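The values are calculated or read from the model by the stated rules, or taken from the named source; none is laboratory data. The model shown is predicted, which means the values in this text are computed figures rather than measured ones. Cβ sites come from the backbone with ideal geometry, for glycine too, and all protein chains shown count toward neighbours.
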Amino acid sequence: MYTLEIKRFLRSKGAMGGLVLLLVVGCLSLLIGRQFVAKQQQAQAEIAQFQREHIARNVRYHQDEMGLLLYYLRFTLVNPNQPLNALSIGQRDVQNSIQSVTIRGLENQKYDTDLHNPMNLLMGNLDFSFVVIFLFPLLIIALTYNLLSEEKEEGTLRLVATQARSTLLFLLRKMSIRILAVFTVLLLLLGIAVLALKLPLDNTTLAFVAVAGLYLLFWFALSTWVISWQRSSGLNAVALLSFWVVLTLVFPAALNAYLINRYPVPEALNTMIQQREGYHEKWDLPKAVTMDKFYAHYPQFKKYPLPDKTFSWLWYYAMQQMGDDESQQAALELKQKLQQREQATAFFAYFSPSIHTQLAFNRLAAADLQQQLQYWEATERFHEKLRLYFYPRIFEGSEVKVEKWDSFRVEQFAAEVEVNWAEVVWPLVLISLLVGGVGLWGLERRQVLV
């Protein structure tokens, strides 16, 4: 009977068409992810040459004053793509991965990003994580919603009951065939991804595969629970599609609305405005006020007295520094609120497999909000390092030509991706066991009514 059921499944044009269609869409998602990563990598490779040409050109035209030259020079910190970005783009399509900064006010530069097409942002990316989270469950629903009800409606369940040792075992065999078919497509796509995208077979890739597999098992468990109600095919389909809408669309949208109201985030524009106002107002204040604050921030620079002239680069860069200092509270508040949102999302994800899976994919691909916050902090450290290196040279009036400008290369931010298997896997395991266990208990208790 198991062999006959496999042949029956393979002869189903709808099932085979759905599997083939999902395979094609999955391959398309891998192509989109590959193109996205290639575009990012090309931009990151070109910025190295651009920085060399940019520094050489400005050094050639501004050889008289170090302070004037450093007004224009930009130095770059790159957030390189991780191998799994091709599978889960996450926030990489809206957050800048190339940060070029001068040693002037940082808060006025930190939130600069590329312009994006609003329509493209609204539609999102058809990456592999989208296929797994949204499209695979639809195929599972299509393959399982009438697993039991079809036998009843066609009048074949009594015949099955007389020939099979256990009707429940027969249903589980039918379910296992569909699980095997869906996982074959998933593993085939992942195999193509490993070969085409040259993914390393490390912990992050294995965790990505585990999360994807457990997420699909959750939907099979959910289907088992709905089947255990022993209702009509139409009602089963409506129920499963309703679960899909709630878990993948409604709950994430409701959670987003809640977080926006619960943790209102001051716009980055406000921080930039505060920085600019903090800097510009210093032109109208006595220089001593600015310098006292600057020396309090950097006691090591007290050895550089303010020159007795109308304009000096010491005073100018002190004003820039004070702009950053006076916007520091707003910048800190912005980061804290974003961190609170991330923590709240992670908590609510325990109750939503789709949100948990998306967060896990993004985290494993180093494309989540937490990673972006780390990149911001790395940019702050990078900017501070530049300031501490160049401030003494500006204040001492060092000659431009004595500096080894060729030594300033594009630096990279090393993203830290740690796989916490318990945190990544157990929420999906527990909810799948709970839902699937309730479904099997329901089928056993009702003894699969004929």
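Listed values, structure above:
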| item | result |
| --- | --- |
| Residue within segment 291-299 that is outside any helix (DSSP H, G or I), over 30 Å from Ile394 (Cα atoms) and at pLDDT 90 or above present | no |
| Filter result (in a loop (DSSP other than H, G, I, E, B) and under 19 Å from the mean Cα position of the chain (by Cα)) within segment 178-199 | Leu197, Leu199 |
| Unique match (being at pLDDT 90 or above and outside any helix (DSSP H, G or I)) among Tyr258, Tyr304 | Tyr304 |
| Residues within segment 63-97 that are closer than 13 Å to Gln40 by Cβ, modelled with pLDDT of 90 or more and touching a strand residue (DSSP E or B) at 6+ places or on another chain (Cβ under 9 Å), tallied | 3 |
| Single match in Ala414, Ala366 (criterion: without any contact (Cβ under 8 Å) to a residue 40 or more places away in the chain and outside any helix (DSSP H, G or I)) | Ala414 |
| Of all residues making up segment 398-413, the number that are out of contact with any helix residue (DSSP H, G or I) (no Cβ under 6 Å at 6 or more places or on another chain), among the hydrophobic types (A, V, I, L, M, F, W, C) and surrounded by 10 or more Cβ atoms within 10 Å (Cβ to Cβ) | 1 |
| Qualifying residue in segment 228-242 (condition: modelled with pLDDT under 90 and hydrophobic (A, V, I, L, M, F, W, C)) | yes |
| Qualifying residue in segment 267-287 (condition: part of a helix (DSSP H, G or I), hydroxyl-bearing (Ser, Thr, Tyr) and modelled with pLDDT of 80 or more) | no |
| Scope segment 359-379; condition buried (at least 18 other Cβ atoms within 10 Å of the Cβ) and out of contact with any helix residue (DSSP H, G or I) (no Cβ under 9 Å at 6 or more places or on another chain); matching residues | Tyr375, Ala378, Thr379 |
| Pair list, Cβ < 9 Å and 6+ apart or interchain, from segment 328-339 residues that are within 15 Å of Lys110 (Cα to Cα) to residues that are assigned to a helix (DSSP H, G or I) and small (Gly, Ala, Ser) | Ala331/Ala268; Leu334/Ala268 |
| Matching residues, segment 326-343, being assigned to a helix (DSSP H, G or I), modelled with pLDDT under 85 and surrounded by 17 or more Cβ atoms within 10 Å (Cβ to Cβ) | Glu326, Ala330, Ala331, Leu334 |
| Enumeration of residues in segment 389-443 that are within 34 Å of the chain's Cα centre (by Cα) and polar (S, T, N, Q) | Ser407, Gln412, Asn420, Ser432 |
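Conditions (1) hydrophobic (A, V, I, L, M, F, W, C); (2) assigned to a helix (DSSP H, G or I); (3) touching a strand residue (DSSP E or B) at 6+ places or on another chain (Cβ under 6 Å), marked per residue:
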site: His383; (1), (2), (3): no, yes, yes
site: Tyr391; (1), (2), (3): no, yes, no
site: Ile394; (1), (2), (3): yes, yes, no
site: Asp406; (1), (2), (3): no, yes, no
site: Arg409; (1), (2), (3): no, no, no
site: Glu418; (1), (2), (3): no, no, no
site: Val424; (1), (2), (3): yes, yes, no
site: Val429; (1), (2), (3): yes, yes, no
site: Val438; (1), (2), (3): yes, yes, no
